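The values are calculated or read from the model by the stated rules, or taken from the named source; none is laboratory data. Everything numeric in this text was worked out from a predicted model, so none of it was measured. FYI the Cβ positions are ideal-geometry reconstructions off the backbone, even for glycines, and counts take in every protein chain you see. Keep in mind that these areas ignore ligands, DNA and RNA; they rest on the heavy atoms of the full protein, side chains included. Shrake-Rupley method; radii C 1.70, N 1.55, O 1.52, S 1.80 Å.
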Amino acid sequence: FFLRLHLPPESTLFPYTTLFRSGEPVELIEHDADDSRAAEEAGLKVIFGSELEPRTLARAQIDARSCVVALTANPSMNVLFARHVTDELPGPRVLAPIDPETGDVVGDRGVGALFGTPVALGAWIARWRRGQVELIRRVYAGTAPDAPLPTAPPDLLLPLVVERGDRVALVDDRTRLSAGDVVELAVVSDRRAEADAYFASGPWHEEAELAA
């Protein structure tokens, strides 16, 4: 994996701590010295520089990656980077969040929708900075194999990764679930009651329920 991920201050590397811990080889490109240092102190490999500089991308070996993710709080920068990779460095699957105000402007280039649905990512990052976001895990209990991820209110829940056995994958528009898959989501802290009601009405269990 290769992420163009601008890390907000005190982010705990929002939002992919589980992906980073999973053992998947993940590298970041970052132009901010403080954020680069924070990522390196967390044990991550960082390529310092601008995401559009040819020498930075050459050092990152973008064309040899299985997946490239454009993930910043700036929707225009996400689009610019995603387009640049698909046009100039074809090969890896490219993911980027879809901004609800502009819609999907890169899908025609084969760019996948990170999180699987349009998301106001800037609002989520702002909440994370203020300590208003928690990470929760739920087990999918649907009976149909390879089912699409159930729709959830994007201002309440943000699906991040799916775990199936030892494999961890980012949630995107291709995500399909089978019974027993574990989904990690970000939830707005002061709206946990709404989130609990959403899960109670759908095909979800807490991990502890299955272990009991």
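Sort segment 78-152 into rounded, prolate or oblate with this rule: let a ≥ b ≥ c be the square roots of the eigenvalues of the Cα gyration tensor; rounded if a/c is under 1.5, and if a/c is not under 1.5, prolate when a/b is larger than b/c, oblate otherwise.
On the way: a/c = 2.24, a/b = 1.26, b/c = 1.79.
It is oblate, given that a/c is not under 1.5 and a/b is not larger than b/c.
So what's the Cα pair-distance distribution over segment 93-208, bin width 5 Å, in %?
Pair shares across the bins are 2, 11, 21, 24, 20, 14, 7, 1, 0.
Label-point separation (nm) for residue 207 and residue 48, each offset 7 Å from Cα along Cα-to-Cβ?
Going from the residue 207 label point to the residue 48 one covers 3.6 nm.
Going by amide H atoms built from the backbone, whose H comes under 5 Å of the H on residue 181, apart from near neighbours?
Placed amide hydrogens put 140 under 5 Å from residue 181.
Output wanted: per-residue J couplings in Hz (rounded whole) for segment 158-171, from phi through Karplus 6.51 cos²θ - 1.76 cosθ + 1.60, θ = phi - 60°, x for Gly and Pro.
My calculation for segment 158-171 gives 10, x, 10, 9, 10, 10, 10, x, 8, 9, 10, 10, 5, 7 Hz in order.
Once every DSSP H run of n ≥ 4 in the chain is given -39500 (n - 2.57) and the sum is divided by its residues, what mean residue ellipticity at 222 nm do you get, rounded to the nearest 500 deg cm²/dmol? Don't skip to the end; give the middle numbers.
Details: 7 runs with 58 residues, N = 212.
One gets -7500 deg cm²/dmol as the mean residue ellipticity at 222 nm.
Between 35, 196, 166, which gets the highest mean-square fluctuation from a Gaussian network model of the chain, Cα cutoff 10 Å?
Among 35, 196, 166, the largest GNM mean-square fluctuation belongs to 166.
What list of ³J(HN,Hα) couplings, whole Hz, do you get for segment 69-83 from phi and the Karplus terms 6.51, -1.76, 1.60, once you set θ to phi - 60° and write x for glycine and proline?
Taking θ as phi minus 60°, the curve returns 10, 9, 9, 9, 7, 9, x, 5, 5, 4, 5, 4, 5, 4, 5 Hz for segment 69-83.
Ignoring any ligand, DNA or RNA, what whole percent of the accessible area of segment 63-212 comes from carbon and sulfur when the probe is 1.4 angstrom? Please report the intermediate quantities before stating the final value.
On the way: 3600 of 7250 Å².
C and S atoms contribute 50 percent here.
The chain: Rg/Rh from Cα coordinates, Kirkwood Rh? Don't skip to the answer; put the middle values down first.
On the way: Rg = 17.0 Å, Rh = 17.8 Å.
Looking at the chain, the ratio lands at 0.96.
Over the heavy atoms of residue 105, what accessible area does a 1.4 Å probe trace out, to the nearest 10 Å²?
Its accessible surface works out to 50 Å², give or take rounding.
Determine the gain in length on full extension of the stretch residue 174-residue 66; use 0.36 nm per residue of separation and subtract their C-alpha separation, reporting nm with one decimal. Present the calculation step by step, with values, prior to reporting the outcome.
Working: separation 108, 0.36 × 108 = 38.88 nm, distance 1.51 nm.
Full extension of this stretch gives 37.4 nm more.
Just to check I understand the Karplus step: with θ = phi - 60° and J = 6.51 cos²θ - 1.76 cosθ + 1.60, what whole-Hz values come out for segment 112-129, glycine and proline as x?
x, 8, 4, 6, x, 7, x, 9, 7, 5, x, 5, 5, 5, 4, 4, 4, 4
Take segment 127-183, drop everything but the C-alpha atoms, weight them equally and run the Debye formula without solvent; then report log10 I(q)/I(0) at 0.14 Å⁻¹ to two decimals.
So the normalised log intensities are -0.41.
Taking 8 Å as the Cα distance limit and 6 or more residues as the minimum spacing, I'd like the relative contact order of segment 87-145 as a percentage. Walk me through the numbers before you get to the answer.
Numbers: 37 pairs, mean separation 17.1, N = 59.
So the answer I get is 29 percent.
At 0.36 nm per residue, and after removing the present C-alpha to C-alpha distance, how many nm does the segment from residue 104 to residue 144 gain when stretched out fully? Please list the in-between numbers first.
Values: separation 40, 0.36 × 40 = 14.40 nm, distance 2.84 nm.
Extra length from residue 104 to residue 144 when fully extended: 11.6 nm.
Evaluate the relative contact order of segment 56-212 (contact order divided by residue number), counting alpha-carbon pairs under 8 angstrom at least 6 apart; express in whole percent.
Details: 262 pairs, mean separation 32.8, N = 157.
About 21 percent, as a whole number.
Top to bottom by accessible area (1.4 Å), largest first, where do 53, 40 land?
Result of the area sort, largest leading: 40, 53.
For residue 133, which sequence-distant residues (separation of 5 or more, or a different chain) have an amide H within less than 5 Å of its own amide H, given hydrogens modelled in the peptide plane?
Correct list: 189.
With a 1.4 Å probe and all protein chains left in place, how much accessible area per residue does the chain have, in Å²? Intermediate results must be reported in sequence, preceding the final value.
Values: 10250 Å² over 212 residues.
Each residue of the chain exposes 48 Å² on average to a 1.4 Å probe.
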